[in-house]
Structure formats: C-alpha cells, structure tokens
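Input: a single structure, listed below in structure tokens.
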Amino acid sequence: MTEVQESRESGKAINSDEKTRQVKEVAINAGIDVVGIAPAERWDDAAPEGHRPADILPGARSVVVLGTRGPTAGAWQSPDHRFMEVNGYDFRNDLIVQIVADFIESEFDHYAIMAPALSVSGHQPVMSMMLAAVLAGLGTRSLAANIILNPKYGLLYYSACITTLELIPDPMLVQDVCPHPMCVATYRKIGKTPCTAACPSDDGGCLDGEIDEEGRIASSYFDRERCTSRAMNFGINSFQKAMEQIVTEDDPESQTNMINSEFFTRSCSAISSFRESVAQCFECMRVCPITRPERKLK
Ligand code: SF4
Ligand code: SF4
C-alpha cells in the first residue's frame with residue numbers, strides 16, 4: 001500500500017507513484033542522464049553498519065541515485081587527454097542531487113540529504129556511490145577497476161539523495177552489463193578483455209580477471225594503489241609528495257625553485273579549484289565497447 005499525502009504546491013492528494021514520477025522528472029529536467037530509486041533496506045545485507053542510509057539520515061526509507069556521463073563525447077575525442085577531464089566534467093550530479101533534495105523537502109515535507117560519498121579513511125567512503133548505483137538498478141560491476149557500467153551509457157558519475165519519503169523502488173538489474181559479448185569473444189581468443197589488455201597487471205598495469213563458461217565474470221583483480229599513482233598525477237597525492245620534498249630541502253634556492261615549479265603549481269591548483277587536471281588515465285574505459293555507442297557522434 002502506498003502513502004497518500006497532499007502536494008504542497010497543488011494541494012491535490014498524490015500517492016507514492018506520483019511522487020516518484022515527480023522526483024524523477026525534476027532530476028531529468030535538471031539535466032541528469034539516469035535516475036534510479038532503491039529502498040533503504042537494500043543496504044542491510046549489502047553494507048556494514050555505519051555505511052547504510054539510516055546511519056546518515058535516521059528514518060531513511062528511499063535513496064534516489066543520479067548518474068551523469070561527465071565528459072562530453074567531444075571531450076573524449078580530444079587528443080590531449082587532460083581536456084577530457086578539465087573541460088569535460090561539470091559535477092552536475094552533485095548539483096542536481098541538491099535540487100532533488102530541495103524538491104523533496106519543499107514539495108513533500110520529508111527530510112532529504114545528499115549522501116556523503118567522500119572518503120573518510122583511505123579509499124573508504126561513508127556511503128559507496130558504486131553500491132548505490134547497483135542497488136538502484138542503474139548498473140553492474142565491471143572488470144575495469146570495478147567501475148559500475150550502465151547498460152546504455154557505460155561509465156557514469158553518481159550522486160545520491162537519502163530521504164525519509166517513501167518512493168517506488170526500481171528493480172536491480174538481473175543481466176550483468178560486463179562483460180560485453182565482444183569482450184567474451186576476445187577473452188576466449190587471447191585470455192584478456194579490451195580493458196585488461198589495456199592495463200594488464202602482469203605488465204605494469206592494474207587489471208586482471210577471468211570469465212567463466214557462461215560468459216560471466218568469474219574473478220577480477222584491480223590494483224587500486226597502482227591505478228591511483230598512474231591515473232592521478234595531480235591532486236592531494238602529488239601535493240603531499242611535493243610538500244614533503246620542499247620542507248626537507250636544505251638549499252633555499254632549490255626550495256624556492258621547487259615552490260615555483262610547474263609541478264607544485266599544478267598540484268596546488270588541482271586541490272584548490274579542481275580546474276586543473278587530476279586524473280589523466282581513462283584507458284580502460286576508452287576501449288570498453290559498452291561506453292562507445294553513446295560517444296559516437298559526427
Ligand atoms: S584508469 Fe588507467 S591506470 Fe587505472 S585501471 Fe584504468 S587504465 Fe589502468
Ligand atoms: S572492456 Fe568493458 S565490457 Fe569489456 S570486460 Fe572490460 S569493462 Fe567489461
């Protein structure tokens with residue numbers, strides 16, 4: 001049985017189906033590519049205590065998950081890979097999730113909060129957006145760094161809104177998005193898929209995996225530390241590395257040169273404005289056949 005209440009704006013009684021439709025419409029009209037809804041109970045078996053929606057918002061009943069493509073198709077075409085990240089990604093998922101939260105609170109009188117996705121220790125976020133995307137039926141894990149692939153768009157950037165409002169959930173995907181049939185065929189021939197061949201762990205890269213007889217992922221390996229150092233040349237890591245070298249440099253002239261160097265300047269820029277390139281490597285996604293059709297334009 002669904003909850004019926006009055007819309008604040010129209011004064012009409014509306015049920016959960018209509019509320020769900022309106023919430024999704026607000027997100028899509030604001031520019032998000034995909035939106036899915038998961039009931040808060042789906043986290044009970046999927047995440048440890050402290051990382052579930054109700055740990056962040058007491059009484060949480062639903063999680064609205066939003067995904068956007070990030071870099072434009074044109075940005076993927078640029079021969080300078082830095083442009084893809086710097087000029088292509090606008091963090092719109094983070095903005096639109098706030099619009100959705102405001103809409104739920106103002107229109108339906110229920111609490112809503114943007115799910116905290118930032119890491120609190122190591123790479124551990126309070127709430128995993130990868131898990132949220134899977135539980136909301138937007139994608140499944142892939143062999144490429146465990147990235148969640150959406151069946152239509154492939155790689156997406158996710159944000160989520162936790163709310164006490166009851167909404168109609170979407171089913172989780174029953175069909176794995178990865179591996180693509182072409183990847184299964186490639187694996188049968190050479191023992192690697194396009195992504196594991198682009199970044200092989202046995203040759204300085206980060207990825208490996210096996211596909212079983214049914215064409216499903218049997219095992220996967222991702223060296224996250226190596227990926228971070230290879231893919232993210234500027235940002236917090238490079239700032240810390242440079243600072244350590246600068247403060248332990250005895251020669252004042254060298255120290256001044258290090259402070260004014262392009263490397264340190266870009267590291268400062270990366271952590272202060274995020275309009276400096278932080279990650280330069282998207283090679284596992286560049287070769288992924290799931291991500292390609294939507295990026296193919298004229
Ligand atoms: S982002 Fe780059 S370094 Fe990281 S797994 Fe993908 S191809 Fe490898
Ligand atoms: S290339 Fe894409 S679809 Fe193929 S195995 Fe890798 S992540 Fe999966």
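Observations
- Local electrostatic count at Ser229 - Lys and Arg +1, Asp and Glu -1, tallied over other residues with Cβ under 13 Å: +2
- Accessible area in the full protein assembly, largest first, 1.4 Å probe, for Met84, Met243: Met243, Met84
- Ranked by how many other beta carbons lie within 10 Å on average, peptides 262-268, 59-65, 287-293 from highest: 59-65, 287-293, 262-268
- Accessible surface of the chain, 1.4 Å probe, proportion on carbon and sulfur as whole %: 53
- Proximal charge balance of Asp212 [Cβ under 13 Å; K/R count +1, D/E count -1]: -2
- Placed amide H near Ile147: partners under 5 Å, 5+ positions off or other chain: Ser142
- Across q = 0.08, 0.10, 0.16 Å⁻¹, the chain modelled as identical point scatterers on its alpha-carbon atoms has Debye log10 I(q)/I(0) values of -0.42, -0.64, -1.32, in the order of the q list.
- For the chain, the longest principal axis of the C-alpha atoms and the axis of helix 181-190 are separated by about 30°.
- Loop-located GluC sites (Glu not before Pro) in segment 35-88 (DSSP state not H, G, I, E or B) with no more than 13 neighbouring Cβ atoms inside 10 Å: Glu49.
- A Cβ-based charge dipole, computed about the Cα centre of the chain with Lys and Arg at +1 and Asp and Glu at -1, lands at about 1100 debye.
- Using the alpha carbons alone, the radius of gyration of segment 4-163 stands to its Kirkwood radius in an Rg to Rh ratio of 1.00.
- The chain: calculated mean residue ellipticity at 222 nm from DSSP helix runs of at least 4, using -39500 (n - 2.57): -10500 deg cm²/dmol
- Taking 4.7 Å between C-beta atoms as the pairing limit, the chain has these partnerless cysteines: Cys161, Cys178, Cys183, Cys199, Cys268, Cys281, Cys288.
- Shape of segment 167-262, Cα gyration tensor, a/c cut at 1.5: prolate
- Peptide ranges 175-185, 125-135 listed from the most packed, as the mean C-beta count within 10 angstrom indicates: 125-135, 175-185
- What segment 174-253 shows is 64 Å² of accessible area per residue, with the surface traced by a 1.4 Å probe over protein heavy atoms.
- Restricting segment 23-100 to chymotrypsin sites (Phe, Trp or Tyr not before Pro) that sit in a DSSP loop and have at most 13 other Cβ atoms within 10 Å of their own Cβ leaves Phe91.
The values are calculated or read from the model by the stated rules, or taken from the named source; none is laboratory data. These numbers were taken from a predicted model, which means no experiment stands behind them. Ideal geometry is used to build each Cβ from the backbone, glycine not excepted, and the neighbour counts take in all protein chains shown. Side chains included, ligands, DNA and RNA excluded: accessible areas come from the protein's heavy atoms. Shrake-Rupley method; radii C 1.70, N 1.55, O 1.52, S 1.80 Å.
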